[in-house]
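Quick notes on the structure that follows.
The values are calculated or read from the model by the stated rules, or taken from the named source; none is laboratory data. Because the structure is predicted, anything quoted here is derived from the model rather than measured. Every residue, glycine among them, receives a Cβ derived from its backbone with ideal geometry; neighbour counts consider all protein chains shown. The protein model used for the area step is the full one, side chains on, heavy atoms only, and it has no ligands, DNA or RNA in it. Shrake-Rupley method; radii C 1.70, N 1.55, O 1.52, S 1.80 Å.
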Amino acid sequence: MSLNYIKNFYEGCVKPPTVIGQFHTLFFGSVRMFFLGVLGFAVYGNEALHFSCDPDKREINLFCYNQFRPITPQVFWALQLVIVLLPGAIFHLYAACKSINQECILQKPVYTVIYILSVLLRISLEVVAFWLQIHLFGFQVKPVYLCDAESLGKKINVLKCMVPEHFEKTIFLIAMYTFTVITMVLCVAEIFEIIFRRSCFLFKQ
């Protein structure tokens with residue numbers, strides 16, 4: 001529900017002045033949100049319940065799962081989507097309030113520069129999110145996680161824990177990395193398109 005609200009809010013404002021920007025909105029709003037909202041819940045929804053260690057005790061499972069997942073992937077990716085949406089959403093909301101259309105963004109240097117800065121900020125946020133995702137989740141989910149249980153006062157300091165559906169999670173991780181790279185490429189291409197169209201407008205004058 002919340003993802004659909006964000007998508008409707010984003011698309012209800014002034015449309016991006018470039019073809020690539022409009023495609024980015026469609027790709028961002030449809031594909032990534034579908035993966036996160038539908039497939040992400042199917043893959044990660046019950047992970048904590050099926051995460052088991054040896055010995056299989058509830059308090060040990062919870063302790064090791066919190067160590068394994070300092071933040072759940074669904075929460076991380078939802079935050080990523082919202083934060084990356086903010087620069088564009090703020091600009092389009094401002095443009096809607098000031099009745100700035102697509103032609104004004106391309107024709108007036110101030111609006112062009114502000115729009116490009118919002119896209120650059122979006123790229124920067126994607127890069128930061130990409131780095132954090134690598135740091136938190138890596139590129140592969142292994143079937144066995146070695147939990148450091150020394151603080152629990154157990155005789156065995158390292159416990160073996162089984163990670164459910166590790167192969168599906170690895171595929172999903174790669175897909176999310178791919179989406180992040182695609183959106184960054186689209187953002188860079190959008191900057192080149194808006195500079196090109198702005199140059200064409202100046203030459204016609």
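Which condition from (1) within 24 Å of residue 56 (Cβ to Cβ); (2) in contact with a Leu (Cβ under 9 Å, 6 or more places away or on another chain); (3) open to solvent by 80 Å² or more (accessible area, probe 1.4 Å); (4) of a type outside the set (Val, Ile, Thr) is the one that residue 86 breaks?
(1) is the only condition that residue 86 fails.
Just give me the residues in the range 153-168 being acidic (Asp, Glu) and either part of a helix (DSSP H, G or I) or touching a strand residue (DSSP E or B) at 6+ places or on another chain (Cβ under 7 Å) (or both), in sequence order.
Here is the first cut: in the range 153-168, the residues acidic (Asp, Glu) are 165, 168.
Passing the criteria: only 168.
Per-residue answers, yes or no, for (1) under 22 Å from residue 31 (Cβ atoms); (2) assigned to a strand (DSSP E or B):
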residue	(1), (2)
120	no, no
123	yes, no
147	no, yes
151	no, no
170	yes, no
175	yes, no
183	yes, no
203	no, no
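Among the residues that make up the range 113-128, is at least one of them without any contact (Cβ under 8 Å) to a residue 60 or more places away in the chain, open to solvent by 50 Å² or more (accessible area, probe 1.4 Å) and closer than 21 Å to residue 52 by Cα?
No, the range 113-128 has no match at all.
Name the residue, out of 108, 160, 98, that is in contact (Cβ under 8 Å) with a residue 40 or more places away in the chain, more than 24 Å from residue 40 (Cβ to Cβ), among the basic types (Lys, Arg) and open to solvent by 60 Å² or more (accessible area, probe 1.4 Å).
Details: 108 fails: in contact (Cβ under 8 Å) with a residue 40 or more places away in the chain; 98 fails: in contact (Cβ under 8 Å) with a residue 40 or more places away in the chain.
Within the list 108, 160, 98, the selection yields 160.
Name the single residue that is farthest from residue 139 (Cα to Cα) among those in the range 55-73 being within 31 Å of the chain's Cα centre (by Cα) and surrounded by fewer than 17 Cβ atoms within 10 Å (Cβ to Cβ).
Here the answer is 62.
Search the range 190-201 for residues that are farther than 15 Å from residue 108 by Cβ and pair each with any residue that is crowded, with 17+ Cβ neighbours inside 10 Å and of a type outside the set (A, V, I, L, M) when their beta-carbon atoms are under 6 Å apart and the residues are at least 6 apart or on different chains.
190/18; 190/21; 193/18
Looking only at the range 181-205, filter to residues that are among the polar types (S, T, N, Q) and out of contact with any Lys or Arg (no Cβ under 9 Å at 6 or more places or on another chain); which one of those is modelled with the lowest pLDDT?
205
Give me a count of the residues in the range 36-54 that are of a type in the set (Val, Ile, Thr), free of Cβ contacts under 8 Å to residues at least 40 places away in the same chain and open to solvent by less than 60 Å² (accessible area, probe 1.4 Å).
Total meeting the criteria: 0.
Restrict the check to the range 16-35 and report whether at least one residue is modelled with pLDDT of 75 or more, among the polar types (S, T, N, Q) and more than 17 Å from the chain's Cα centre (by Cα).
No, because not a single residue in the range 16-35 is modelled with pLDDT of 75 or more, among the polar types (S, T, N, Q) and more than 17 Å from the chain's Cα centre (by Cα).
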